[in-house]
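Below is one structure; the comments refer to it alone.
What follows is calculated from the coordinates using simple rules that are stated; it is not laboratory data. In this text, all values refer to a predicted model and were calculated from it rather than measured experimentally. Counting neighbours? That spans all protein chains shown, and the Cβs are built from the backbone with ideal geometry, glycine included.
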Amino acid sequence: MSDTAGRALDIVAYGVVADERPLLEEAFDDRHRLRCLDLVLDRDTVSTAAGCEVVCSSVNDVLDAEVLTALARGGTKLITQRATGYNNIDLTAAREEGLSVARVSSYSPYSVAEFAWALALAVNRRVARSVARTRDFDFRLNGLLGRDFHGRTAGVLGTGKIGTAFARIASGFGMRLLGSDIAQDPACLELGMEYVERDRLFAEADLISLHLPLLPDTHHVVDADALARMKDDAILINTSRGGLIDAQALVETLRAGRLDGVGLDVYEEEAGVFFFDRSMDVMTDDVLARLMTFRNVLVSSHQAYFTRDAVGQIVAATARNVEDHLAGRTGENTLVPPPA
Ligand SMILES: NC(=O)c1ccc[n+]([C@@H]2O[C@H](COP(=O)([O-])OP(=O)(O)OC[C@H]3O[C@@H](n4cnc5c(N)ncnc54)[C@H](O)[C@@H]3O)[C@@H](O)[C@H]2O)c1
């Protein structure tokens, strides 16, 4: 262990929501100087990190080359992201700037998988519409007709940790399982999942749930062509990353009266909107505004991971990343090691 391992560090955390703040403070306050901000870290806000050796980022922060250069100049050495996905960080630029980068490689996959199911069930059984009606003492059933998931086909795109947890629940419902991934998961095979080409999954699944990381390869994996292949009454759920879906193509599909329903916990242009109260602002994103007008679309604000269990694990792993940084250790959470 390095002799500087006991140092107290200045840490700034971005995108901290109120429920998460006490957990972060408890994890860091005794040992380090932590500042929690509810800002998005981007070109406009990067000066707030000046003098902080550790920047603790969130999914919608924009860590592009310009921001990373500014961070390095301001004395930052470690970026530790409080998430599994890291598509918002330019790792090549970080390496060039001599910044090390860590993430939380795994935490409760059940948090996200269970929320994907919450959306799937709510969309299928028209829960939001029903609750809005009964609040107005309208107890009619018109327009609330759903269907059994039992006996129908679930298509799981990405059968890693979260996709597998989703598939287990689908299996519990008695669904036939189709999967698509570059690697077959033994647990999914054991559940009876059949791995197929994406196009076949799109064509045969009644319920499609996305659990892929956002990469150049997977950007807009659900595009106009994929949407055209889907059954007219398919249900599409995205709890992974907004960029997996071409949202404009989705709007066109829904406008044509296709798809039974859609549940979106993520949206490609969510940065600066999700996690904030925009209720008094003019909505300038026409695609999001149009999506919200469809009765069969439910949008939540990137909350799938937001359980006590998952947030506790994320904070604990982030604290370990900081201690590893101090001790000069790397591990499974390391995306860019410190410069040699
Ligand atoms: N909404 C939320 O709150 C939330 C929370 C956590 C994670 N996520 C998202 O969920 C995603 C999945 O998380 P996970 O923990 O299951 O990750 P994981 O790494 O365990 O699984 C990802 C799977 O995708 C597969 N894959 C990668 N590239 C592929 C490609 N080009 N084509 C086909 N398959 C490919 C991998 O083989 C792997 O099986 C994350 O990347 C993140 O974007 C969202």
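For the stretch 209-340, what log10 I(q)/I(0) values come out of the Debye formula at q = 0.13, 0.17 1/Å, with one point per alpha carbon and no solvent?
Results for the stretch 209-340 at q = 0.13, 0.17 Å⁻¹ read -0.68, -0.96.
For the stretch 109-299, compute Rh as the Kirkwood radius over C-alpha pairs and then the Stokes-Einstein diffusion coefficient at 37 °C and 0.692 mPa s; write the answer in µm²/s, rounded to an integer.
Details: Rh = 17.0 Å.
Calculated translational D: 193 µm²/s.
With axes computed from alpha carbons, what is the tilt in degrees of helix 308-327 against the longest principal axis of the chain, rounded to the nearest 10 within 0 to 90?
30
Using the Karplus curve 6.51 cos²θ - 1.76 cosθ + 1.60 with θ = phi - 60°, what ³J(HN,Hα) values do you get for each residue of the stretch 332-340, in whole Hz, with x for Gly and Pro?
5, 8, 6, 9, 10, x, x, x, 5
Using only the alpha-carbon atoms, how far is helix 109-124 inclined from the longest principal axis of the chain? Give it as 0 to 90 degrees, nearest 10.
The two axes meet at around 30 degrees.
I need the trypsin sites (Lys or Arg not before Pro) found in the stretch 294-340, filtered to DSSP loop residues with at most 16 other beta carbons within 10 Å of theirs.
ARG295, ARG329
In the stretch 54-152, with Lys and Arg counted as +1 and Asp and Glu as -1 at Cβ, which of these residues, VAL123, GLN81, LEU141, has the Cα nearest the positive end of the dipole, that is, farthest along it?
So the residue furthest toward the plus end is LEU141.
Please report how far the C-alpha centroid of the stretch 230-308 lies from that of the stretch 183-203, rounded to the nearest whole angstrom.
Using only Cα atoms to place each centre, the spacing works out to 26 Å.
Quote the convex hull volume per residue of the stretch 69-193, based on C-alpha atoms, as a whole number of Å³. Please report the intermediate quantities before stating the final value.
Numbers: hull volume 20.2 nm³, N = 125.
In the stretch 69-193, the Cα convex hull volume per residue is 162 Å³.
Can you give me the P(r) profile for the stretch 105-158? Cα pairs, bins 5 angstrom wide beginning at 0, each as a whole percent.
Per 5 Å bin, starting at zero, the Cα-Cα P(r) for the stretch 105-158 comes out as 4, 15, 20, 20, 15, 11, 9, 4, 2, 0 percent.
For LEU335, list long-range residues whose amide hydrogen, built 1.01 Å from N in the peptide plane, is under 5 Å from its own amide hydrogen.
Under 5 Å from the amide H of LEU335: VAL101, ALA102, ARG103.
Residue by residue through the stretch 159-171, what is 3J(HN,Hα) from phi via Karplus (6.51 cos²θ - 1.76 cosθ + 1.60, θ = phi - 60°)? Round to whole Hz and write x for glycine and proline.
10, x, 5, 6, x, 5, 5, 5, 5, 4, 5, 4, 5
Determine ³J(HN,Hα), in whole Hz, for all residues of the stretch 31-39 in sequence, where each value follows from phi through the Karplus function 6.51 cos²θ - 1.76 cosθ + 1.60 and θ = phi - 60°; x replaces Gly and Pro.
Residue by residue, the stretch 31-39 yields 9, 10, 9, 9, 10, 9, 10, 9, 7 Hz.
Can you put SER209, SER100, SER106 in order, fewest other beta carbons within 10 Å first?
Ordered by Cβ neighbours within 10 Å, fewest first: SER106, SER100, SER209.
Counting each pair of different Cα atoms once, what's the Kirkwood radius of the chain in Å, rounded to one decimal?
Its Kirkwood hydrodynamic radius stands at 21.3 Å.
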